[in-house]
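No value in this document is a laboratory result; all are computed from the given coordinates. Predicted model, so just to flag it, every value in this text is computed and none were measured. When we count neighbours, we look across all protein chains shown, and the Cβ atoms used for this are built from the backbone with ideal geometry, even at glycine.
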Amino acid sequence: MAQQTVLIIEDDEVTSALLEMIVSEAGFQALIALDGVSALELYQRHLPEVVLLDINLPQLNGYSFASLVRNFSDHKPRIIVVTSNPADYEQHLKELADGCLVKPIKRQALLSLLA
């Protein structure tokens, strides 16, 4: 079976490095985007199976990214919102996303969402 790809969209470099480490150690291929525009380019090029999505991003925010993917792409990855404020997920992204990972990142919580 081919290695699954996870697109990590997170503008905080420390958080994105932590997510990349956990994802890679779990056997996934990790792609990193630090803003929404480069994330959309990576998404279109690689069509990842999973997207870990921060909400507050430069250039194109997480809400817009999730909406574009859900409404204009034939490929439907699992989208997991990564946020320090779960209310943002509940209020704005619950219909567009498949789950929520609360910051600070807990390894087991992320692995459970990836399973």
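All distinct Cα pairs of the stretch 6-46 go into the 1/r average, and the inverse of that average, the Kirkwood radius, is 10.2 Å. Here the extension length gained between residue 92 and residue 73 equals 4.9 nm, from 0.36 nm per residue of separation less the Cα-Cα distance. Relative intensity of the chain on a log10 scale, I(q)/I(0) at q = 0.12, 0.18 Å⁻¹, equals -0.35, -0.83, per a Debye sum over C-alpha point scatterers of equal strength in the absence of solvent.
In the chain, a dipole from Cβ-located charges (positive for Lys and Arg, negative for Asp and Glu) runs towards its positive end, and of 63, 112, 100 it is 112 whose Cα lies farthest in that direction.
About its Cα centre, the chain has a charge dipole of approximately 320 debye under the convention of +1 per Lys or Arg Cβ and -1 per Asp or Glu Cβ, with nothing else charged.
The tail of the calculated P(r) for the stretch 1-69, taken as Cα-Cα distances beyond 21 Å, holds 17 percent of the pairs. Counting only DSSP H runs of at least 4 residues, each contributing -39500 (n - 2.57), and dividing by the residue count of the chain, the helix-based mean residue ellipticity at 222 nm comes to -11000 deg cm²/dmol. Take residue 41, project a point 7 Å from its Cα along the Cβ direction, then tell me which residues of the stretch 10-32 have their backbone nitrogen under 17 Å from it. Taking a point 7 Å out along Cα→Cβ of residue 41, the residues of the stretch 10-32 whose backbone N falls under 17 Å are 10-11, 31-32.
With all projection directions averaged, the alpha carbon convex hull of the stretch 64-115 covers 3.7 nm². Normalised by the number of residues in the chain, the average gap of Cα pairs under 8 Å and 6 or more apart makes the relative contact order 23 percent.
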